[in-house]
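See below for the structure under consideration.
The values are calculated or read from the model by the stated rules, or taken from the named source; none is laboratory data. All figures in this text were calculated on a predicted structure; none of them were measured in a lab. Don't worry about glycine lacking a Cβ; one is built from the backbone with ideal geometry, like all the others, and counts go over all protein chains shown. These area figures cover heavy atoms from the full protein model, side chains too; ligands, DNA and RNA do not enter into them. Shrake-Rupley method; radii C 1.70, N 1.55, O 1.52, S 1.80 Å.
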Amino acid sequence: MKTNTKEKRTFLFYPILFGVYPVLALYAFNRNEIVVTAIQQAVITSIIVTIVVIGLSLLVFRSWQKAAAHATLTLLLFYTYGHVYDFAQNITVFGKVLGRDRFLIPIWILLFVIGQILLLRSQKTTLNRVLNTVSLFLMIFVAVQILVPLVQFSGSKTNSPDELVSAQTNPSSTLVDRDVYYIVVDAYSRQDLLQKEIGLDISGFISELESLGFYIPACAQSNYDNTLPSMTTSLNMNYLDALHLDYFGDKAKYESYIKKNLVMESFKKMGYSTATFPSLHPMLDLPDSTYYYDYFEDTSTLKSLASLNFQYLFLKTTLVRPLVAFIERNQEIRVPAYLATWLPTGNTLDSREYRQYQQNIFAFDSLQKIPNLAGKTFTYAHLYITHQPFVFYPDGSFHPFLMQDIYGYRDQVIYANTRLLEIVETILATSDPQPIIVIQSDHSFFENADRVKILNAYYLPDGGTENLYPTITPINTFRMIFNTYFGGQYELLPDVSRYSENKVVYETPSTCVGTTSTEK
């Protein structure tokens, strides 16, 4: 009787913790790429799912002590399906890939039935105590993962431009107040790579840029193969090791270098206004600029693009994944607008795809208006037109069910070329004096050594292109611009390209369009 009394008095909180843990763990794993406010919708979803599952278990078993373990089993199966699906895609049984709904769903049903039977026959007193302890440990562990980087960042010292390079090399303003545009087209691959991998000939686009006065380095490569290290080093004009950053280290340490990057701080010191655009990567988001072009500025966080993207990512890890895949395969299905924030996919004007489409269009349109701003402006526009989710037909109309593969990517590049030419022509026609324009990618769409082969184009008026050379990389872009136009004295660094594979960083030699030569 004493044991039963003790069992009844034991508060079993583990089903609740197991219900919330998956969202927090997913955020902790992606914390450097997702702003914390974006998880609200997914947290609410997990709470609703947990309440429903617990409520149904209580109806069946009429006792919290009995229902807790059964509810937890259901929640675990619900929240792990997508993870197992991804893992099972690499497993083949009798020539069949195991990571398919038609195989996994029957297995999940079998696990549910067997698990419930075993729980009915089990001695729950010990099991409940163990699960209470495990759930508490998991929550403490994920809380540490989330909170420690926040505390470290809040107590970290922000690097100033004068600490990154000596004060004597800082540029100064000149008599010609030119607008400067740094347009980064995420994942845009080099001309020869597009031709080889997807049969897309962009020689017409390249020729049009050259006819407008652009210089296109024949051996264009990025310094790194991922967005965060690539942009951190480009905006600070130095390599990771010189910035005391580790490629595989804690990415939270990159944030101070981005928020107070040397390039933008230098332009601010010269009296420039700054214009930026929302980034899919929170560390690269710079909303404190003079002009911040966010189409969803007045939209609630629950309906923001970041929230919808995280909700989508979260649902893909759960047993809802087959439903999401079914909707995406069947274009005739229309997700009602009132469900769009809960199931953000499909052909609806409230889907995450359409919001990505709206922001991309708004970014393009806004770029064309920047020459009309008063005074001199430095614009950092990180565009995601060629970044997933792919949402454009080649003519620029909305495509809600475009396959997220090389063919979808091809359509994005075609439309991006059209709009980029329009933007450049508008900027050149409405700017006086002539501006400085850099159109550059952070990395390519493809993998391994090809990951560093990028689009790189420079419009440098009044003879500025004389200082360019075929193998110039982003690390030297603004060193050269500051030297040429703003009295800078930066030494150009060696142009080195690095990519990672299996947690190892490799240097890849320079290659050029039309050749595999490693000579510069």
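Here are a few things to note about the model shown:
- When a 1.4 Å probe is rolled over the protein heavy atoms, the share of accessible surface on the range 252-355 that falls to carbon and sulfur comes to 53 percent.
- Charge dipole (the chain, unit charges on Cβ, about Cα centre) - positive-most of LEU245, PHE390, PHE141: PHE141
- DSSP bridge orientation in the chain - percent antiparallel, rounded to nearest 5: 50 percent
- Each Lys and Arg contributes +1 and each Asp and Glu -1, all at the Cβ; summed about the Cα centre of the chain, the dipole is approximately 3420 debye.
- Cα-based helix-to-principal-axis angle, 305-315 vs the chain, degrees rounded to 10: 40 degrees
- Whole-Hz Karplus values for the range 494-503 come out as x, 8, 10, 10, 10, 9, 10, 8, 6, 6 Hz, taken residue by residue from phi with 6.51 cos²θ - 1.76 cosθ + 1.60 and θ = phi - 60°; glycine and proline positions read x.
- Residues with amide H under 5 Å from that of TYR181, placed H, sequence gap 5 or more: THR379, ILE436, ILE437, VAL438
- Cα-based helix-to-principal-axis angle, 40-61 vs the chain, degrees rounded to 10: 10 degrees
- Modelled spin labels at SER500 and THR80, positioned 7 Å past Cα toward Cβ, are 2.8 nm from each other.
- 1.4 Å probe accessible area per residue over the range 315-418, in Å²: 39 Å²
- Seen against the Cα atoms of the chain and their longest principal axis, helix 406-430 is set at about 40 degrees.
- Here the range 450-513 and the range 37-108 have alpha carbon centers that stand 48 Å from each other.
- Taking the 1.4 Å solvent-accessible surface of the range 431-520 as the whole, the part contributed by carbon and sulfur is 45%.
- Listed peptides 193-203, 115-125 by packing density, highest first (mean Cβ within 10 Å): 193-203, 115-125
- Members of LYS269/LYS503; LYS260/LYS503; LYS124/LYS251 lying beyond 32 Å, as alpha-carbon distances in this model show: LYS269/LYS503; LYS124/LYS251
- Using the 1.4 Å probe convention, the accessible area of the range 22-89 works out to 46 Å² per residue with neighbouring protein chains retained.
- For HIS382, the residues whose amide H sits under 5 Å from its own are VAL184, PHE277, ignoring neighbours fewer than 5 places away on the same chain, with H placed 1.01 Å from N.
- Leading residue at positive end of dipole, the range 1-133 (Cβ point charges), from VAL93, PRO106, TYR27: PRO106
- Using a probe of 1.4 angstrom and keeping all protein chains present, the accessible surface of the range 173-213 works out to 39 square angstrom per residue.
- Here the dipole of the range 206-303 is about 260 debye; that uses its Cα centre as origin and unit charges on the Cβ of Lys and Arg (positive) and Asp and Glu (negative).
- Distant-in-sequence amide H partners of SER441 (H built 1.01 Å from N, under 5 Å): VAL185, LEU455
- Accessible area of the range 97-136 belonging to carbon and sulfur atoms, whole % at 1.4 Å probe: 75 percent
- Over the chain: Rg over Rh, Cα atoms, Kirkwood Rh: 1.03
- For the range 317-329, Karplus couplings with θ = phi - 60° (6.51, -1.76, 1.60), whole Hz, Gly/Pro x: 8, 10, 6, 7, 3, x, 5, 4, 5, 5, 5, 5, 7
- Peptide packing: for 468-474, 243-249, 215-221, 502-508, the average count of neighbouring Cβ atoms within 10 Å per residue gives the ranking 215-221, 468-474, 243-249, 502-508, highest mean first.
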